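Notes follow once the structure below has been shown.
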Amino acid sequence: MQAGGGSVRQARVACHLPEQGSLDSLSLTQFKEILRQILRFTNRKEPASLQLLRHIPVTAHGMISVAAMTTETLGQALDVALRYFPLILPTHELYRVTVGNEVQVHIQCLHALGSPFDEILTEIIPSDLFQMVRLSKQTDTATPKAASNGTIHFAHESDFEPEVYQRYFNADVEFGCPETFFSVSRNTLARPLFTRNRSTHDVAVSALESRLAQAEQDQPITRKVRRFISVSMLSKKVPDAATVAEALAMSQRTLTRRLSEEGSSLVALLESVRIEKAEGLLLGSNLPLGRIARELGYSDLSSFSRAFKRVKGIAPSKLRDPG
């Protein structure tokens, strides 16, 4: 903001925040207003996300950055980022899935702020990993140094060409994809970091574990269950009540009771996640309806169609082809 001629003090006042002090505790409304104030000082010559990223160093996340940078390998740094990401940006969640020799990190928006804020935040999220690549040693001599570091898939569209993003991330970038995720090879994640330091890492992790324990204690059970379902379905597995309860270290009866106290149920959450993923596949891919039904764990196409119509009010075929 200051680089664009803005005033941090005036922005804080506009967001109803104290003129000094940390911003560790913000409401979604305040967070959105901060983004709105920042965007006033960006230009339209390049993506706003890339303009913001030039002012966000890899050390911007404090203790989390320290913990990640002092691990042994890039893969361990990614694990740190995934574990403590809820402390950075609780509006989104990240899920790691290994597919062959590739590791994918899927991005899910939990609290939509509206356009263009959702798109900007999503485009910023992969940055830390690809910045960390520069802190790693390339041990695979068969890979040219100028080669792409990975791929980034965004479900949304952009007014800018993918090449603009590719130059910044040194990664292949696509828009209008069925899902939002970024991926790197397992060989890349095996690279050692120049900045590794065991003792510093242990101190940072100890402090972060205390913060994470408090954050998870305050997290609704509905969100925990929804997150577990989403992660399971990335591997095309639809979890049952016993699996979910075991993962959350509670009995099925306790799981049912706690979800009920929050006005939800496992059946409702399963259906919500499945239909949400179905909508993304219907709009962002050419997969046949039968295959989408199978990937989402439905016994047959008619079961999938009934469930989709019950939630969305229209048949899945009508969503893909309104005519």
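Looking at the stretch 16-81, the helices (runs of 4 or more DSSP H) lying wholly inside it that each contain 2 or more residues that are of a type in the set (Lys, Arg), closer than 28 Å to Ser158 by Cβ and modelled with pLDDT under 95 sit at 28-39. Taken over the stretch 159-174, the criterion of being outside any helix (DSSP H, G or I) and among the aromatic types (Phe, Trp, Tyr) is satisfied by Phe160 alone. Of the residues examined, Val80 is not one that is open to solvent by less than 40 Å² (accessible area, probe 1.4 Å) and either over 30 Å from Val203 (Cβ atoms) or touching a Leu at 6+ places or on another chain (Cβ under 6 Å) (or both).
Of all residues in the stretch 263-284, those that are more than 16 Å from Gln252 (Cα to Cα) have Cβ atoms under 7 Å from Cβ atoms of residues that are open to solvent by less than 20 Å² (accessible area, probe 1.4 Å) and in a loop (DSSP other than H, G, I, E, B), 6 or more apart or on another chain, in Arg274/Leu296; Lys277/Leu296; Ala278/Leu296; Gly284/Cys177.
Beta carbons closer than 9 Å, at least 6 apart along the sequence or on distinct chains, never pair a first residue in the stretch 99-121 that is under 17 Å from Leu52 (Cβ atoms) with a second that is in a loop (DSSP other than H, G, I, E, B) and basic (Lys, Arg). If only residues of the stretch 191-218 that are in a loop (DSSP other than H, G, I, E, B) and without any contact (Cβ under 8 Å) to a residue 60 or more places away in the chain are counted, the one that is nearest to Leu248 (Cα to Cα) is Asp218.
How many residues does the stretch 84-94 contain that are in a helix (DSSP H, G or I) and either at positive phi or at pLDDT below 90 (or both)?
The number of residues fulfilling the criteria is 2.
Checking each residue in the stretch 173-197 for being charged (D, E, K, R) and at pLDDT 95 or above picks out only Glu174. Where helices (runs of 4 or more DSSP H) fall entirely within the stretch 220-264, those with at least 3 residues that are of a type in the set (A, V, I, L, M), surrounded by 12 or more Cβ atoms within 10 Å (Cβ to Cβ) and under 25 Å from the mean Cα position of the chain (by Cα) are at 221-234, 241-247.
Give the residues of the stretch 95-115 that are in a loop (DSSP other than H, G, I, E, B) and surrounded by fewer than 17 Cβ atoms within 10 Å (Cβ to Cβ), sorted by residue number. Scanning the stretch 95-115 gives Gly100, Asn101, Leu110, His111, Ala112, Gly114, Ser115. Take the conditions closer than 24 Å to Pro178 by Cα and either free of Cβ contacts under 8 Å to residues at least 24 places away in the same chain or touching a helix residue (DSSP H, G or I) at 6+ places or on another chain (Cβ under 8 Å) (or both) and apply them to Val244. Does it pass? No, not satisfied. Residues in the stretch 230-272 that are modelled with pLDDT under 90 and among the β-branched types (Val, Ile, Thr) were compared, and the one that is nearest to Ser305 (Cα to Cα) is Val238.
The values are calculated or read from the model by the stated rules, or taken from the named source; none is laboratory data. Treat the numbers as computed from the prediction; the structure is a model and nothing was measured. Quick reminder, even Gly has a Cβ in these numbers, built from the backbone with ideal geometry, and neighbours come from all protein chains shown. Quick note on the areas: whole protein, heavy atoms, side chains included, nothing else; ligands and nucleic acids left out. Shrake-Rupley method; radii C 1.70, N 1.55, O 1.52, S 1.80 Å.
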